[in-house]
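Student: Take a look at this one; I'll ask things after.
Please treat every number below as a calculation from the coordinates, not as lab data. If you're wondering where the values come from, they're calculated on a predicted model, not measured in any experiment. Positions of Cβ are backbone-derived with ideal geometry, glycine not excepted, and every protein chain shown enters the neighbour counts.
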Amino acid sequence: MKRITVIFALAGAMWCQNLSYEPDPNWQAPAEAATKANPLAKKAGVVGGGKKLFLRNCVECHGGDGGGLREKHSADLQLPVVQAQSDGALFWKITNGNPDRGMPSFSRLPELQRWQLVLYLRTLTASSGRE
Amino acid sequence: MRLRYLTAGIIIAALGCLLAAAQEAPYFVTYDHHMEEPGNLEIATSTTMGVPRSGQRFYFAPYAEFEYGVTGRWTSELYLEGQSTSGDSAVFTGWRWENRFRPLAREHFINPVLYVEYEGINEASRIQKEVVGNAPGFGEPNSELSQTHAHELETKLILSSNVHDWNIAENFIVEKNLSQSEGFEFGYSLGVARPLANLASAVDCRFCRENFTAGLELYGGLGSTRGFGLHDTAHYVAPVIAWQISDNASLRFSPAIGLTHESNPVLLRFGYSYEVRGFGDKVKRLFGGKP
């Protein structure tokens, strides 16, 4: 019974997940921004705050597990093409947004909170949020 | 009588909190470069209460805002406003439709936003969402003021920067009354604000410092093309504080202090806003469309 539940949960998540997500090739962080290191990288204790910020600001478009929502055409944050980006590049994208493609700028959040979000994004894997 | 109006104003503002609620910046007059998220609707209720000089009357001017993120770079907003003066009457003072456009897609050291607003108001309007031109008189009764209608076009150049978690915003205002020949009126607004904490805690808390943003506004009129300058103009300095009550709701408060004889000695401002996320998608679904 438990196995069937897990299979259905996975199937449901796959159905909603935006596996067809294609990154915008013009939305690239400048080299200087991409090489910035996360000042919170060694403070794993603050990732909980990042989760709270994610739930508050990102879930609506990216879904609870970060898998993206097909109807929103939003990025699947679990994909290697996202996770392979540097912390600095993710921070730059959160800060600037991509308003012409629907991603708002979150520069209104304090810098450290945006870095907290980057920390939390690193925890989003194919199994996260589907347990 | 004045105390009764003040009490009534506070009660109405508090009731507003139960109904509505998330403006990130704590400002009441100054705009920064942050736009409404596309598809989100923010419903807000705010109040300007004017504490008068001797010989003037206390007034209470509430207004409702409906702010919608049309795209990531275009925000549109509708205002409905009213006013009640002690010993006088309560009147509907009109509506405003504002649009803000952000020409640059990326964050820069200075981020410009272009603002255009059409106002269909009357001379009884007291919300003072901006202060321009020369200071208005407060002596005439509402019955007379509300009969004088004004169609106005207001433009602003908004410049805003984020520097180490501080927001610094400057607004330059030009207003034209299309109903009367008053020339072009000018005004300004400056604001600085900062969150009280820059790290988010893991717990879901209401009174954590991270939920509060504090700052200061300075705004006033600069005369008109008929007489540019500070003569006979109103200016205010106003501490501002915003409290993010929940993910969707925020409360703001600002006591503005008048700096010139033409200003009200004190303006008390309360605001409450509630963010309806994905409003545009919900409406599209309602009419059978795809989000």
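Student: So for B:Met49, A:Met103, fewest C-beta neighbours within 10 Å to most, what's the order? Let's see the in-between values first.
Tutor: On the way: B:Met49 24, A:Met103 21.
If I rank by nearby Cβ atoms, fewest first, I get A:Met103, B:Met49.
Student: Quickly estimate the mean residue ellipticity at 222 nm for the protein assembly as shown, helices only: each DSSP H run with n ≥ 4 gives -39500 (n - 2.57), and the total goes over all residues, rounded to 500.
Tutor: Working: 10 runs with 89 residues, N = 422.
Counting only the DSSP helices, I get -6000 deg cm²/dmol.
Student: What net charge do the residues around B:Phe28 carry, taking every other residue with its C-beta under 9 Å from that of B:Phe28, with Lys and Arg at +1 and Asp and Glu at -1?
Tutor: Details: positive: B:Lys129, B:Arg252, B:Arg269; negative: B:Glu217.
Local net charge: +2.
Student: May I pose another question? In straight Cα distance, which aspartates and glutamates are under 20 Å from B:Lys176, not counting same-chain residues fewer than 8 positions off?
Tutor: Straight-distance partners of B:Lys176: B:Glu77, B:Glu81, B:Glu98, B:Glu117, B:Glu119, B:Glu123, B:Glu130, B:Glu152, B:Glu154, B:Glu185, B:Asp232.
Student: If you put +1 on each Lys and Arg Cβ and -1 on each Asp and Glu Cβ, how big is the dipole of segment A:53-97 around its Cα centre, in Debye rounded to 20?
Tutor: On the way: 4 positive and 5 negative charges, 19 e Å.
Once rounded to the nearest 20, the dipole reads 100 debye.
Student: Next up: What average count of beta carbons from other chains do you get within 10 Å of the Cβ of residues in A:92-101?
Tutor: Details: counts 2, 0, 0, 3, 4, 7, 3, 12, 4, 2.
Neighbouring Cβ atoms belonging to other protein chains average 4 per residue here.
Student: Under 18 Å from the Cα of A:Lys42, which aspartates and glutamates turn up, not counting those fewer than eight places away in the same chain?
Tutor: List returned: A:Asp87, A:Glu111.
Student: How large is ³J(HN,Hα), in whole Hz, for each residue of segment B:253-269 in order, when computed from phi with the Karplus curve 6.51 cos²θ - 1.76 cosθ + 1.60 and θ = phi - 60°, using x for Gly and Pro?
Tutor: 8, 8, x, 9, 9, x, 9, 10, 5, 7, 7, 5, x, 9, 10, 9, 10
Student: Taking H as built 1.01 Å from N, whose amide H comes closer than 5 Å to the amide H of B:Asn134, not counting residues under 5 places away?
Tutor: It is B:Gly223, by chain and number.
Student: Shifting gears a bit: Can you figure out the FRET efficiency of B:Ala105 with B:Arg206, using R₀ = 51 Å and their beta-carbon distance, to the nearest 0.05?
Tutor: On the way: r = 35 Å, r/R0 = 0.69.
The computed FRET efficiency comes out at 0.90.
Student: To the nearest 20 debye, what charge dipole does the protein assembly as shown have about its Cα centre, counting +1 at the Cβ of each Lys and Arg and -1 at the Cβ of each Asp and Glu?
Tutor: Here the protein assembly as shown has a charge dipole of around 1620 debye.
Student: Quick query: amide H of A:Leu69 versus all other amide H atoms, modeled in the peptide plane; which residues come in under 5 Å with a sequence gap of 5 or more or a different chain?
Tutor: Amide H neighbours of A:Leu69: A:Asn18, A:Ser74.
Student: Right, another one. How much length would be gained if the chain were fully extended between B:Glu140 and B:Gln180, taking 0.36 nm per residue of separation minus their Cα-Cα distance, in nm to one decimal?
Tutor: Numbers: separation 40, 0.36 × 40 = 14.40 nm, distance 1.85 nm.
Answer, rounded to one decimal: 12.5 nm.
Student: Can you classify chain B as rounded, prolate or oblate using the Cα gyration tensor, where a ≥ b ≥ c are the square roots of its eigenvalues, rounded means a/c under 1.5, and otherwise it's prolate if a/b beats b/c and oblate if not?
Tutor: It comes out rounded by the Cα gyration axes.
Student: Using θ = phi - 60° and the Karplus relation 6.51 cos²θ - 1.76 cosθ + 1.60, list the HN-Hα couplings for segment A:28-40 in order, rounded to whole Hz, with x at every Gly or Pro.
Tutor: The phi angles translate into 10, 6, x, 3, 5, 6, 5, 8, 5, 8, 6, x, 9 Hz.
Student: Right, something else. Specify whether the C-alpha gyration tensor of segment B:168-291 places it in the rounded, prolate or oblate class, a ≥ b ≥ c being the square roots of the eigenvalues: rounded for a/c under 1.5, otherwise prolate if a/b is larger than b/c and oblate if not. Numbers along the way, then the final one.
Tutor: Working: a/c = 3.06, a/b = 1.46, b/c = 2.10.
Oblate, since a/c reaches 1.5 and b/c is not below a/b.
Student: Give the separation of the Cα centroids, segment B:62-96 to segment B:170-185, in Å.
Tutor: One Cα centre to the other: 19 Å.
Student: Another one. Report the gain in length on full extension from A:Asp24 to A:Glu71: 0.36 nm times residue separation, minus Cα-Cα distance, nm rounded to one decimal.
Tutor: Values: separation 47, 0.36 × 47 = 16.92 nm, distance 1.70 nm.
Length difference between fully extended and current span is 15.2 nm.
Student: Given A:Lys51/B:Lys282; A:Lys36/B:Lys129; A:Lys72/B:Lys129; B:Lys129/B:Lys284; A:Lys43/A:Lys93, which pairs have Cα atoms separated by over 30 Å? Can you show the working numbers first?
Tutor: Numbers: A:Lys51/B:Lys282 26 Å; A:Lys36/B:Lys129 41 Å; A:Lys72/B:Lys129 35 Å; B:Lys129/B:Lys284 32 Å; A:Lys43/A:Lys93 22 Å.
Over 30 Å apart, Cα to Cα: A:Lys36/B:Lys129; A:Lys72/B:Lys129; B:Lys129/B:Lys284.
Student: About the Cα centre of chain B, how large is the charge dipole given +1 on each Lys and Arg Cβ and -1 on each Asp and Glu Cβ? Please answer in debye to the nearest 20.
Tutor: 520 debye
Student: To continue, here is another question. Which Cα, out of B:Val131, B:Gly69, B:Asn177, lies furthest along the positive dipole direction of segment B:2-278 (beta carbon charges, K/R +1, D/E -1)?
Tutor: Farthest towards the positive end: B:Val131.
Student: In addition: Please say if the protein assembly as shown is rounded, prolate or oblate, where rounded means a/c under 1.5 for a ≥ b ≥ c the square roots of the C-alpha gyration tensor eigenvalues, and otherwise the choice is prolate for a/b larger than b/c and oblate otherwise? Don't skip to the end; give the middle numbers.
Tutor: Numbers: a/c = 2.13, a/b = 1.99, b/c = 1.07.
It comes out prolate by the Cα gyration axes.
Student: What is the spread of the Cα atoms of segment B:35-175 along each of their three principal axes, largest first, in whole Å?
Tutor: So the three principal-axis extents are 51, 28, 23 Å.
Student: Using θ = phi - 60° and the Karplus relation 6.51 cos²θ - 1.76 cosθ + 1.60, list the HN-Hα couplings for segment B:92-98 in order, rounded to whole Hz, with x at every Gly or Pro.
Tutor: Karplus values, whole Hz, x for Gly and Pro: 7, 10, x, 9, 9, 10, 10.
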